[in-house]
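Note sheet for the following structure.
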Amino acid sequence: MKKIRFTLKGFAFVLCALAFTPAIAKQSTDVSSLARNPIDQTITDINFLPTAGLKIENSAEVLKSYLEIDDPNQQLVSAYTQRPGDGLAVQRFEQWYKGIKVAHGSFSVAAKNGIITYAHGNIFRPSTELSTAAALTESQALQKALDFINAQDYMWQNPKQEKMLREIMKDPNATYFPKGTMVWVEDFNSTARNKQLHLAYCFNIYAEAPLSRNLVYIDANTGNVLLKDPVIKHITATGKSLYSGNVSFETDMSGSSYILYDNTRGVYTGSFHNGTTTQYDVANSSTTWATNQAIDAHWGAVNVYDYWGKEQSRASYDGIGSALNSFVNYDVGYNNAFWNGAWMTYGDGTGVLNGGFDPLTAQDVCAHEIGHGVCQTTCALVYQSESGGMNEGFSDIWGETIEHYASPEKPMWQIGAEIARVPLRSMRIPKQYGNPDTYNGTYWVTTGSSCTSSNDYCGVHTNSGVLNKWYYLLTDGGSGTNDASISYVVGGLGLQKAARIAYGTELLLTSTDNYAACRTASIGVATTIYGACSPEVEAVTRAWRAVNVGAAFAPCGPQIGFVNHDTVVNKVSGSTACPASKTIDIPITINAAATGSNPIVTVTGTGTAVLGTDYSFVNNTVTFTAGTISTEHILLNILDNGATTTDKDLTLTFSISPGNDATIGNVYHEYKITIKGNSTLPQVAGDVDYYAADANLYTKIATPFFGAAQSARTQFIITAADMKASGVKPNTPISVMSFNVVDKKSTKAFSNYTVKLGLTTQALYNGSQGFVSSGLTTYFSGSFVSAAGWNKIILSSPFTWDGLSNVVCEICFANSVAATSADSNDRVEASNSINNITAYNFQTSGTSACGLSFSTFKLSNSRPRVAFTQAVANTEVETAAPSDRSWDVHANQDVYFYSNANNKLIAQLNLPSQDLGCVNASVSKQGNGFSPFALGQGANRSSKEFNIQATTNGNTATSTTTIYFDTAELGNVILGNVRIIKTTAARDSDINVLNTQLVTPTVVTTNANFKGFTGNFTGFSRFFLVDKDVVLPTVGIKQVNKINSMNVDNNPFSNTIFISYSINSDTKATVHLFDITGKMLYNSDLLLMSGQNRFSIDVSNLSLIPGQYVLQIITPTDVLTRKMIKQ
């Protein structure tokens, strides 16, 4: 057994929860509102005015003053101060009466940048003076507690457990034996607690068999059990660890082995070796570890530690930096994981195929359970009724938040999606797994006085759904109608803000708070951080209204917002006009009359969509007339630009002019537009794989390779929407379907492996919709051996999707012998849904295969990711003249031009240096083969000719241009000899070095039917091919000799050309340098000063090779051309 090498800085047995009592608060101009407990009129909430200037360092005096705690028997004792970030600070005080702590009595203050803005708590005010005399001794009270727990064995009775505790604590006197702590506490046995305090003993009782750990409060005078508050929360959550692939973590040396101990953070992971009393190191001979659930537990605890430290400025789970210890392999087949008040314990589970769980060391399990430790050391929510549901809800919040922190690529909001057959809970759709999304709604468990383990302490794991839904809406937003028939709309704040508000709330709550108090505290936190009437306060309030807790949000004044939230627009207008666009109307409204000046709203856009390229405003401002309520309209053009880009996103936000009381609301404060529709790339005939849905998890339940069984039947549904999104073409044969195995476990071939496909209207499986039995056709039957990676199943005949129906796939097999291992299912890439989209059944012995019956207990909301293979035809090239297409082309776009007449390919324009306006690309001459070129030199030119013209920057913009020819048009030309000619000359005979560029192209072979010829050009005009290199003539170039005094001083030249000139007045000039093919190498504008002067041209950066070049100097009245020699 390991000698523990670390300490727990703040460890103590889970102390009995304690609290403090409030009294009547005085009235003050520093306070905007007070709230009272209706039972005894004690203060529960205080909202301070920002102008009060009350400092947090004086919070004890402030509370004493406002709560009127002037009874010398009462004290407020500071418990902690936490500073999560964003200027927020929360200080908690506990109440003591006559030197004895009051359980569940506390008051906390929230401050922004040191100034108190809000206080919340629960204090007790005895109606008469209470006596501290106890009728029962501690030992008598302990016996009462033990009689109540009635366990078979207790931890302190087991010498091995005691020994392990002393080693972990590094305390030779540490013991599990319960020590009674005298406290004041309410009687929790009545449905409506009366806030009357009882003197009680609190015992922390840890039972070994059956396993439990509880705080038990025994009345010190009557011996009655006043409260049992579980410390071990029996909850199996989820995550990804075995589940998360390759991860990095810190280890330490112990002798010659590496062990799972991070001495920087104080994170240690050990193993029970499937026992319950002795823990061992998890050791390895090197720093490269094989797959082991202990790594998941260790890495998970490190992520928990880092999240709390880096994101919430909290040192470990308790805020004082205590170590995080985890132990795996607890017991044999233990289907649970728990926080015992000091460390994490994980069972291996009995396996999902046996109706249990896989090893429970997932990241969200880890974060959820340690979240109970955070709750234990902050508000210590009593584990029953509403406070218990909130206790579980906060742990779910931290489970999903920290899982996203550790693995942001993984989908959020499903608890238990990996280790269980189906997720345990959904935070997005709680009712999917039997949890309420509405307070007092469907699945809500009525809370009362009789809260025991048999009724899950009045539904703590069920009623947590309300807090889960609140947090989901606060993060992502949403709209709908809840079970109380309340319509709601919430604008999400994002994960960082939502988590800050949730943590601030947990810091403020008292241990017996309910959902209403949680609402009040969270609004107080949001107000403290972001200000009253802020969009964040509105979001918090609206999210609570969405789950039927509290009143609707009441705006502080008129609000302006978009009427809608988001939309998807296909940019393809269907028009051949240029520029082509479609206009969308975006209404924006004000909900109440503004005072002051007229509010002027100015809308701006951000995102990957570019203003002027992907969209333009018809108007981006609207004016609301003060004193009236109206809806105005922003008009936006979505530009159909023909670019081959991915979908573009555009987020519209707005500002409001000053001088009025209108504000921006939380709901619809932004308008998100997804711009879809792109020009297609040229296609090559052959097989193309289309992936039905993205992979967002791995599964070994909804797997086509069920190796743990002798026979199995798995059937899953792919919706028509997923088929469309994947790009699968309707009414086009599918020849192959494939599955991606990410963890190969099966060890045998699958005999009688059968794949059936069909079309169906059924979209899910449930009690009334079982296996699809009609319309299925067998497309594969035989033996199949799976392998790591993509497994292609070649269909015996093509399957065709009709473009409308859902697709059902059934896979069955029957082996002659049983499987040798229960862990033989291949884990595959999968996607999940809100519905059960996979049904399965299996036999560990037997050969029923496709005859296995449907079971409602064998369903999954995941299905394997499928790749469908379809053949596509070659893109065809336009050969007929005249044929053309126009597009509005912008800088740095990639645009293909397909003929308006038949959608055949003409040309491509890539990465122009400037906006070009409307560009028309046409086939201006048609024909096959080549004919003699007018310039002679034994050259021939293509019969086919292109004309490309731009309305803007058509002479100066540079671009990469590709022109396309089919094989007949090219004839027998030798591709390596071909050159592209781009010329502004009207006739071939007028071509010269000044009006023509000759470029050696890159030949693009997209498919066997055509070739593309690509070159870099300046400007646009006629394009055609010649079958050999030619020399462009300089003769016939008009020489204008009005600048007779301009001379080149050094010809030949090296890296600089010097020109002397004499001119009567200042003149603008343009200087060009061409190579002998006509390609422009240098382009510059300059001002020639009057008189006799000299200027130079630096060409050192052009890397010119020795040879002939042409220098051209152009003024408004003159053109000077000189042949130049580079030496």
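Quick rundown of the values:
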quantity: Unique match (being touching a residue at least 24 places away in the same chain (Cβ under 8 Å), closer than 16 Å to Val328 by Cα and either out of contact with any Ser or Thr (no Cβ under 7 Å at 6 or more places or on another chain) or assigned to a loop (DSSP other than H, G, I, E, B) (or both)) among Thr277, Thr287; calculated: Thr277
quantity: In the range 985-1017, residue nearest to the chain's Cα centre (by Cα) [restricted to those that are closer than 16 Å to Arg941 by Cα, hydroxyl-bearing (Ser, Thr, Tyr) and surrounded by fewer than 20 Cβ atoms within 10 Å (Cβ to Cβ)]; calculated: Thr1000
quantity: Long-range neighbours under 6 Å by Cβ, at least six apart or interchain, first residue within 24 Å of Pro733 (Cβ to Cβ) and assigned by TED's automatic domain parsing to the domain that holds Cys850 within the range 758-772, second at pLDDT 95 or above and among the aliphatic types (A, V, I, L, M); calculated: Gly758/Leu776; Gly758/Val808; Thr760/Val772; Thr760/Val808; Gln762/Val772; Val772/Val808
quantity: Filtered residue count, the range 203-217, keeping only those that are closer than 15 Å to Asp153 by Cβ, aliphatic (A, V, I, L, M) and either in contact with a helix residue (DSSP H, G or I) (Cβ under 7 Å, 6 or more places away or on another chain) or not assigned by TED's automatic domain parsing to the domain that holds Val183 (or both); calculated: 2
quantity: The listed residue being surrounded by fewer than 24 Cβ atoms within 10 Å (Cβ to Cβ), within 27 Å of Tyr765 (Cα to Cα), β-branched (Val, Ile, Thr) and in contact with an Asp or Glu (Cβ under 7 Å, 6 or more places away or on another chain), out of Thr481, Thr442; calculated: Thr442
quantity: Strands (runs of 3 or more DSSP E) contained in the range 631-710 and holding at least 2 residues closer than 30 Å to Phe750 by Cβ and either in the same structural domain as Thr838 (by TED's automatic domain parsing) or out of contact with any helix residue (DSSP H, G or I) (no Cβ under 6 Å at 6 or more places or on another chain) (or both); calculated: 686-692, 697-699
quantity: Only one of Ala830, Ala849, Ala819, Ala839 that is in contact with a Cys (Cβ under 9 Å, 6 or more places away or on another chain), in contact (Cβ under 8 Å) with a residue 60 or more places away in the chain and among the hydrophobic types (A, V, I, L, M, F, W, C); calculated: Ala849
quantity: 3 or more residues surrounded by 16 or more Cβ atoms within 10 Å (Cβ to Cβ), under 59 Å from the mean Cα position of the chain (by Cα) and not assigned by TED's automatic domain parsing to the domain that holds Asn1016: qualifying strands (runs of 3 or more DSSP E) within the range 1073-1127; calculated: 1107-1114
quantity: Members of the range 574-584 found to be touching a Ser or Thr at 6+ places or on another chain (Cβ under 8 Å) and within 25 Å of Glu670 (Cα to Cα), listed by number; calculated: Ser581, Lys582, Ile584
quantity: Residue list for the range 594-619, filter: in contact with a Phe, Trp or Tyr (Cβ under 9 Å, 6 or more places away or on another chain) and more than 16 Å from Phe654 (Cβ to Cβ); calculated: Ala609
quantity: Filter result for the condition that a residue is of a type in the set (D, E, K, R), surrounded by fewer than 21 Cβ atoms within 10 Å (Cβ to Cβ) and in a helix (DSSP H, G or I), over Lys469, Lys431; calculated: Lys431
quantity: Residue under evaluation Val549, criteria (1) outside any loop (DSSP other than H, G, I, E, B); (2) of a type in the set (Val, Ile, Thr); (3) farther than 24 Å from Trp887 by Cβ, criterion not met; calculated: (1)
quantity: Test: residue in the range 600-617 that is in a loop (DSSP other than H, G, I, E, B) and within 22 Å of Gly557 (Cβ to Cβ); calculated: no
quantity: Residue within the range 297-308 that is over 29 Å from the mean Cα position of the chain (by Cα) and in contact (Cβ under 8 Å) with a residue 40 or more places away in the chain present; calculated: no
quantity: The range 443-463 residues that are in contact (Cβ under 8 Å) with a residue 40 or more places away in the chain and outside the structural domain of Leu215 (by TED's automatic domain parsing), paired with ones that are of a type in the set (Asp, Glu) and surrounded by 16 or more Cβ atoms within 10 Å (Cβ to Cβ) (beta carbon under 7 Å, 6 or more apart); calculated: Thr447/Glu386; Val460/Glu392; His461/Glu392; Thr462/Asp456; Asn463/Glu386
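Per-residue answers, yes or no, for (1) more than 18 Å from Thr276 (Cβ to Cβ); (2) of a type outside the set (Gly, Ala, Ser):
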residue: Gly319; (1), (2): yes, no
residue: Leu324; (1), (2): yes, yes
residue: Asn335; (1), (2): no, yes
residue: Phe338; (1), (2): no, yes
residue: Thr345; (1), (2): no, yes
residue: Gly351; (1), (2): yes, no
residue: Gly355; (1), (2): yes, no
residue: Glu369; (1), (2): no, yes
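Each row is one residue, and each column tells you yes or no for (1) over 27 Å from Lys648 (Cβ atoms); (2) in a strand (DSSP E or B); (3) touching a Phe, Trp or Tyr at 6+ places or on another chain (Cβ under 7 Å); (4) at pLDDT 95 or above.
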{"residue": "Ala871", "(1), (2), (3), (4)": "yes, yes, no, no"}
{"residue": "Ser886", "(1), (2), (3), (4)": "no, yes, no, no"}
{"residue": "Asn892", "(1), (2), (3), (4)": "no, no, no, no"}
{"residue": "Ala901", "(1), (2), (3), (4)": "yes, no, no, no"}
{"residue": "Ile906", "(1), (2), (3), (4)": "no, yes, yes, yes"}
{"residue": "Asn928", "(1), (2), (3), (4)": "yes, no, no, yes"}
{"residue": "Ile948", "(1), (2), (3), (4)": "no, yes, yes, yes"}
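The values are calculated or read from the model by the stated rules, or taken from the named source; none is laboratory data. Since we're looking at a predicted model, the values are computed, not measured. Ideal geometry is used to build each Cβ from the backbone, glycine not excepted, and the neighbour counts take in all protein chains shown.
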